[in-house]
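Single-structure report; data block below.
The values are calculated or read from the model by the stated rules, or taken from the named source; none is laboratory data. These figures come from a predicted structure and were not determined experimentally. With ideal geometry, Cβ positions are generated from the backbone for all residues, glycine too; neighbour counts draw on all protein chains shown.
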Amino acid sequence: MSALADESFTLNIPPRFNPQQETGEVRIVLALSAAPAGSQLLVNGTTTINLGSTSTVAGDSVTFEASVGNAARIVYKPLSNFTGDFCAGNVTMEKNIPLRFIGAQDIVSYRMSTYIVGAPSAECSKVSRRTNDLAASILPAGDGVAPDLDAVFKGRLHLDVVLVLDKSGSMAGLPPGSLMGASKAEILHSAATGFVAQWSAIDADTEGLDFAQDRIGVVFFDSVPSAQSITGGDAPASFFVQRGTGPPGAMHQWNAVVNNINTLTPGSATSVGGGINTAMSQWVADPDNDLYLLVVTDGIQNTAPLLAPTPAGFLGLAPVSGLDPELRKRFIPIQSIGFGTPSAVDADLLTRLALETSGVNFLSVNATTAFASFGQALVAILKGNTASLAIQRQDSLTGAGPSAPRSVLVDASAQRAVFSVQWAPPLRDAFELEVFRPDGTLATPTSTDKRPQIALQSFDLTRKDIGTWTVRVKRTKGSKIDEKPLPYNLDVFFLERDLDYRFAFDTVHARTGENIRLRATVAHDGKPLTKLPPNAIRARVLRPSEGLGNILRAMSGDAGGPAVPSTDALSPYHRKVANLGRRVLDRVSPREVATVSLVEEGKGVYSVVFDKTDIPGTYAFEVMLDWDHERTGRVHREERIEQIVRVKPDRAKTIIATRRSGTTMHITVTPRDRFGNYVGPGYASLVRARLKNGGKLRSDVPVDKNETGTYEFTVTDVRRGVMPDVEITVDGVPVGKR
């Protein structure tokens, strides 16, 4: 009976043709008919690994261990494909590893995920990013002793996602540019509800795929973070709530998550670092699945623990038990959303936080852009599942409607389409969708869901559904007709079958005057998608018209006193920034400046270099994938990726002045780049002075008395006739010596 239960298969790990993004780990979970006790794994027909053991086989690391419930887990690390860390995959070769499960248990089903380096410019010692393009796969194959594997593929490994949500006092205020309407906290309730509903619909069971054990947790933070205990959550803390089973429209067990989010009430200050550490601590105590964080804040951190650069230059936090102080070395992807203008949130910090940890960052200034940012963040988390955006549109409906129809191209890779429309509170049940098939007939959804500010329709697709669908937004029957334009956000998500793609920047710390290289890796049916036609992948590039540092330098004082609730404590600099509000929204918001096309480098890797980076701020790349290819047919997808360009100080343009008063010397530094952009106030931690001799440096962190971006160091005990020998750097760049 034991021999009859043995099953054989081959693990295929294809090359990815990028030394920094080669497969570094494959995890496979085998669901068994009974507990895995006594089972073994035979590798390459020669090496037997007992349950709970790790062995080196042909230079690779193989672990065979018990998993949760009646399951066993295989962790395969193809170390022989690397000459050093996981960014040194220049000797990669395709691997086909014969494996045989030995045991009295039967393999009922399996699921697996493939991992690559998340942020190559930040950390390469471990892989953390899931990928589905050029991913590993299992091929049933008898080995002459055991029959070939006969089990159902259930899809990717399950996910744990924690929503880390700001409840500081400023969340009681209105979004930038608004004079009335819903507060930021009320919009956050709706946006987070939409996130949960969209994920529930995208990954509902289909064709054997089963994600019932995906989990969501929630952390609120103001001056003190608070992990939420939710009804139906897993023991011991009731923090993580499993999706469970049931019709997609009911959102399964996650209704309790939505109910909890709606209890968020604005409080006091802003401890972003506290929220992150609390979320990670909860997971360390219950690490069932891979963890992803989605951090949402409308302000600037002002309460410990603070996110701050470490000596290595990367962001760190006060340690959490079992995790490194540096966030890049925790290998937990963080998606971030800044809810406000680039002046009201620390967009630089949030972007660094995301890019250093293999996440994405988005900036939202109103309800519709907040909904769009949550949708983009959801797609980023589910990459490797994989989910994608067919279209995303922000529009308004005036009068009775309906809206003009929007075209949605459905191709053979889409196995499910989820149509979603969202609108701002306090309006409830305002809109619904009409979706039409390619022949013009009204489509009947597989499932629907409707919440106070979101309506969804899901369609399970077959080959017969390929073609151009249309969707239009209309008012819900009986709703009040308002002649004023009513904004909405329209998303159409696909659950992919064969197509996968990923965008990334070459560097996580872009600076003025330096090129931004955007790369795309595109695969279809697990193989590189090559020789796409010209302009198949193109991007609208948006950037600000003016640097924030220049604007802040031109302003004196704090610009008129507090404009946010007093419960959210602000420093003079933060108060000055918060009060810019509507006056600088147009000047710092990204605007289109160019359209560029990505060109193939080879093996399904496409890239473009953008060199017009003379203005600091948020650069957005709105990418469109649009082609007709013999392997895929006609395809259309959309995605947005953002990068912060910081001021790169220039020695010739930076102003350094000295002033002596008796035995005290004052040295002022006004950092600028070669284009004349000021670093501006708020960056004292980046300005450093090293005193070699000639006195005593009062503090290695300077003071910006007028919050204008002129930083002052004080050297005491300077003897008459002596000039202190001081070296000054800004953001790691030497700018002068005095």
- Query: Among strands (runs of 3 or more DSSP E) lying entirely in region 638-700, which contain 1 or more residues that are among the hydroxyl-bearing types (Ser, Thr, Tyr)?
  - Reply: 655-661, 664-670
- Query: Taking into account only those residues within region 698-709 that are under 20 Å from residue 733 (Cα atoms) and free of Cβ contacts under 8 Å to residues at least 60 places away in the same chain, which is nearest to the chain's Cα centre (by Cα)?
  - Reply: 701
- Item | strands (runs of 3 or more DSSP E) fully within region 1-109 counting 3 or more residues that are at pLDDT 95 or above, within 36 Å of the chain's Cα centre (by Cα) and hydrophobic (A, V, I, L, M, F, W, C) | 7-13, 25-32, 60-66, 71-77
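Per-residue answers, yes or no, for (1) part of a loop (DSSP other than H, G, I, E, B); (2) in contact with a strand residue (DSSP E or B) (Cβ under 6 Å, 6 or more places away or on another chain); (3) modelled with pLDDT of 95 or more; (4) not β-branched (Val, Ile, Thr):
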| site | (1), (2), (3), (4) |
| --- | --- |
| 427 | yes, no, no, yes |
| 432 | no, yes, yes, yes |
| 435 | no, yes, yes, no |
| 440 | yes, no, yes, yes |
| 456 | no, yes, yes, yes |
| 469 | no, yes, yes, yes |
| 472 | no, yes, yes, yes |
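Yes/no per residue for (1) acidic (Asp, Glu); (2) farther than 30 Å from residue 497 by Cβ:
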{"position": "638", "(1), (2)": "yes, no"}
{"position": "641", "(1), (2)": "no, no"}
{"position": "648", "(1), (2)": "no, yes"}
{"position": "672", "(1), (2)": "no, yes"}
{"position": "706", "(1), (2)": "no, yes"}
- Message: Residues that are among the hydroxyl-bearing types (Ser, Thr, Tyr), assigned to a loop (DSSP other than H, G, I, E, B) and surrounded by 21 or more Cβ atoms within 10 Å (Cβ to Cβ): does region 218-231 have at least one?
- Response: no
- Task: Among the residues of region 284-300, write down those that are assigned to a loop (DSSP other than H, G, I, E, B) and surrounded by fewer than 22 Cβ atoms within 10 Å (Cβ to Cβ).
- Result: 285, 286, 287, 288, 289
- Query: Is it the case that residue 162 is touching a residue at least 12 places away in the same chain (Cβ under 8 Å) and not in a helix (DSSP H, G or I)?
  - Reply: yes
- List every residue pair whose Cβ atoms sit under 8 Å apart, with the two residues 6 or more apart in sequence or on different chains, where the first one lies in region 48-64 and is assigned by TED's automatic domain parsing to the domain that holds residue 76 and farther than 14 Å from residue 11 by Cβ and the second, anywhere, is outside any strand (DSSP E or B) and polar (S, T, N, Q). 51/39; 59/80
- Message: Within region 309-417, considering only strands (runs of 3 or more DSSP E) that don't extend past its boundaries, which have at least 3 residues that are among the small types (Gly, Ala, Ser)?
- Response: 387-397
